[in-house]
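Asks: The structure is given below, and queries will be raised subsequently.
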Amino acid sequence: MTDQLRVLEEEFADNPDNPDVVQALLGHLWEEGDWRSILELYEEYGASSPEVYDYDQLIEGLREHVGSLESGPEKGKVWLVIGDLCLGILDRYDDGMDAYQKSFTSYPQDVTPLHRARAVYEQREKWKLMLDLYELELRVAGDDQAKASLYLEMAQVCGENKGDFERALQALDELDKLEVDEPFGVQLRTFYERQTTVEDAILGALELAEEALNDGPEEMAVEAFVEASQLEYERYGGSPKEAFSLAGRALEIAPDNPDVKLIVEALREVVADDEDLTVNGESG
């Protein structure tokens, strides 16, 4: 730490809301290229002092900085931050998506910007653009297991969201060419060949469970709740908490069933881990 920076930080500690002090500290950090420290200041004080911490100015500073960098992980990270700021703070959709694209082209080994962009397209129900990003990620996917996960998601986007069962089956055909064991892919093929969805299968299993609870046999209700739980857990965008709840329904009916006990305990751990991540601010 330089003497100048030490003095500026001391002044800032005494006057964190003074615009002149803030700008002096930010100016020095920009000269040093320390964009991470600048970002930390915005994250800590930006919401409470928006008149001092101008996010448009921050993005312009990051754009100027990224222009001085060679392609690589650092450049990719800065563009990723710009994209997050544009979409998460300023609602600048076009600028944000452009930044994600530049992040990936700057460092294709990191697919995080593809995931961020895909989540935006999913929220806006832009399924074709979402599928284009899957194709792009497949080009850089490192192993068969990673590719298998992508093909499973692609199949479900096609089948569940677009109702394009033909393309969903094509994705599963590509999955079958890989040296991986994906039982859920077999289930998806069964559904899509019948032109039904995972959602249909879950609703059908729950309907069957309720009928069995009313008219018997109870074993059928247990099997149906377990099936609904498994499908909810496996499907793209599924809720582990809902899967745990459905498995719990099965356990209520058959509290001594060892297989159901194992399923419930496994899901309990998953849900607990998810809640820990959310509490610690690490989800998503």
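The values are calculated or read from the model by the stated rules, or taken from the named source; none is laboratory data. Fair warning: this is a prediction, and the values are worked out from it, not measured in the lab. Positions of Cβ are backbone-derived with ideal geometry, glycine not excepted, and every protein chain shown enters the neighbour counts.
Asks: Restrict the check to the stretch 121-132 and report whether at least one residue is under 21 Å from ARG36 (Cα atoms), crowded, with 19+ Cβ neighbours inside 10 Å and either modelled with pLDDT under 95 or not hydroxyl-bearing (Ser, Thr, Tyr) (or both). Give the steps one after another, and end with the answer.
Replies: Of the stretch 121-132, the ones under 21 Å from ARG36 (Cα atoms) are none.
The answer is no; no qualifying residue exists.
Asks: From the set of residues in the stretch 224-264 that are surrounded by 20 or more Cβ atoms within 10 Å (Cβ to Cβ) and of a type in the set (S, T, N, Q), which is nearest to TYR134 (Cα to Cα)?
Replies: Taking the candidates together, the pick is GLN230.
Asks: Please tell me if GLY159 is assigned to a helix (DSSP H, G or I) and either closer than 22 Å to GLY237 by Cβ or among the polar types (S, T, N, Q) (or both). Give the steps one after another, and end with the answer.
Replies: Numbers: assigned to a helix (DSSP H, G or I): yes; either closer than 22 Å to GLY237 by Cβ or among the polar types (S, T, N, Q) (or both): yes.
Criteria met by GLY159.
Asks: Here is a list: ARG139, ARG118. Which entry is of a type in the set (D, E, K, R), part of a helix (DSSP H, G or I) and touching a helix residue (DSSP H, G or I) at 6+ places or on another chain (Cβ under 7 Å)? Steps first, answer last, please.
Replies: Details: ARG139 fails: touching a helix residue (DSSP H, G or I) at 6+ places or on another chain (Cβ under 7 Å).
Exactly one of ARG139, ARG118 is of a type in the set (D, E, K, R), part of a helix (DSSP H, G or I) and touching a helix residue (DSSP H, G or I) at 6+ places or on another chain (Cβ under 7 Å), namely ARG118.
Yes or no, residue by residue, for (1) acidic (Asp, Glu); (2) touching a Pro at 6+ places or on another chain (Cβ under 6 Å); (3) under 18 Å from SER229 (Cβ atoms):
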| site | (1), (2), (3) |
| --- | --- |
| ALA155 | no, no, no |
| GLY159 | no, no, no |
| LEU172 | no, no, no |
| ASP176 | yes, no, no |
| ASP181 | yes, no, no |
| GLN187 | no, no, yes |
| TYR192 | no, no, no |
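Let's see how each residue does on (1) under 26 Å from the mean Cα position of the chain (by Cα); (2) among the polar types (S, T, N, Q):
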site	(1), (2)
ASP143	yes, no
LEU152	yes, no
ALA171	yes, no
THR190	no, yes
ARG194	no, no
LEU208	no, no
MET220	no, no
GLU223	no, no
LEU231	yes, no
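Asks: Of the numbered conditions (1) exposed (fewer than 12 other Cβ atoms within 10 Å of the Cβ); (2) of a type in the set (A, V, I, L, M); (3) under 34 Å from the mean Cα position of the chain (by Cα), ALA13 satisfies every one except a single condition; which is it?
Replies: Looking at each condition in turn, ALA13 falls short on (3).
Asks: Residue pairs, Cβ under 8 Å, 6 or more apart or interchain, first in the stretch 70-82 and closer than 10 Å to SER103 by Cβ, second aromatic (Phe, Trp, Tyr) and assigned to a helix (DSSP H, G or I). List them.
Replies: That search, which allows pairs on different chains as well, returns GLY76/PHE104; VAL78/TRP35; TRP79/TYR100; LEU80/TYR100; VAL81/TRP35.
Asks: In the stretch 104-137, what count of residues is obtained for those that are small (Gly, Ala, Ser) and within 17 Å of the chain's Cα centre (by Cα)?
Replies: First, pick out the residues of the stretch 104-137 that are small (Gly, Ala, Ser): 106, 117, 119.
From what's left, within 17 Å of the chain's Cα centre (by Cα): 117, 119.
Result for the stretch 104-137: 2.
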